[in-house]
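The structure appears below as structure tokens.
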Amino acid sequence: MPYDPDSDAFDRTDPFDLTDADAPEPIRRELGPVPLTILGDIAQRAQLEMTPGDVVWASKGSIMAYSDGIRWRLRVPGGVGGAVKRSLAGEGLSLTYLEADRPGTVLLAANSPGRIGIWDLAHGPIIATRGSFLAAWGDQIDITVTIARRAGAAFFGGAGLFLQKISGIGHVLIHGSGDFDDRELARGERLLVSSGNLAAFSDSIDYDIQGVGGCAKILFGGEGLFMTRLTGPGRVMLQSLKRGVIQQSSSG
């Protein structure tokens, strides 16, 4: 069924299958042809069980380990045009393309503290902010770079002018710094988000900015000049730690 957020017949179950922070055991999901197990707590990792013919797209540098029979190469989604857009988006020119010649497993991680959420593309395409895409697999997976719809959001919204869009039939793994806060916005409902705390959102969400207002807030509020304004309908995936702050502290 095509994604229609206003349809009463559409299945509104949570597309983000978020792991339980208090779960004592690994969390396993049978997600189509590639079963998945989420491992860890402070810095989660994903174990994918691949069979011959399975393919998985993953962010570059995300491989922890893989068994014999799994091979990988660098591949650019969208060809030359996609490479140019990806370079402008700061995501790197290529992604890791994993293929299975015989049954085996691969471990993927984001190399920073945080959790892994699962997005079902049956609920529509997902827009991932910089550094939040971890992996995707399924039929007709399309990974492109899209331009922010509004100029203000593009230059001052914190997520940048270019965002990564994943569509098709299958599943996407999203990494969030810290813990997740998952929201569903009704049509016209607005949510203001601090720059750096937005991990991913539905393609149906309208993404813009709004000034914080007042000189005192601008100078001493610690939130900068603008907040990110999201307008429904659609899903929003927040991360409790600002990704930019984590990256700076790790390199410092």
Problem - FRET efficiency estimate (nearest 0.05) - Cβ-Cβ, ASP101 to ASP181, R0 45 angstrom - result: 0.65
Exercise for the section: Report the label-to-label distance for ILE27 and ILE63 in nanometres (one decimal), using points 7 Å from each Cα along the Cα→Cβ vector. Expected result: 2.7
Fill in the blank from the handout: Plugging the Cβ-Cβ distance of SER94 and THR231 into 1/(1 + (r/R0)^6) at R0 = 30 Å yields, to the nearest 0.05, a FRET efficiency of 0.35
Fill in the blank from the handout: For the stretch 35-43, Karplus-derived ³J(HN,Hα) couplings (6.51, -1.76, 1.60; θ = phi - 60°; whole Hz; x for glycine and proline) come out as x, 10, 10, 8, 10, x, 9, 6, 9
Handout entry: With DNA, RNA and ligands ignored, accessible area of THR51 (1.4 Å probe; Å², nearest 10)
Key = 60
Exercise for the section: Leaving ligands, DNA and RNA out of it, rank GLU184, GLU99, GLU49 by accessible area with a 1.4 Å probe, largest first. Expected result: GLU184, GLU49, GLU99
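The values are calculated or read from the model by the stated rules, or taken from the named source; none is laboratory data. These numbers were taken from a predicted model, which means no experiment stands behind them. Note that we place each Cβ from the backbone using ideal geometry, even for glycine, and neighbour counts take in every protein chain shown. Side chains included, ligands, DNA and RNA excluded: accessible areas come from the protein's heavy atoms. Shrake-Rupley method; radii C 1.70, N 1.55, O 1.52, S 1.80 Å.
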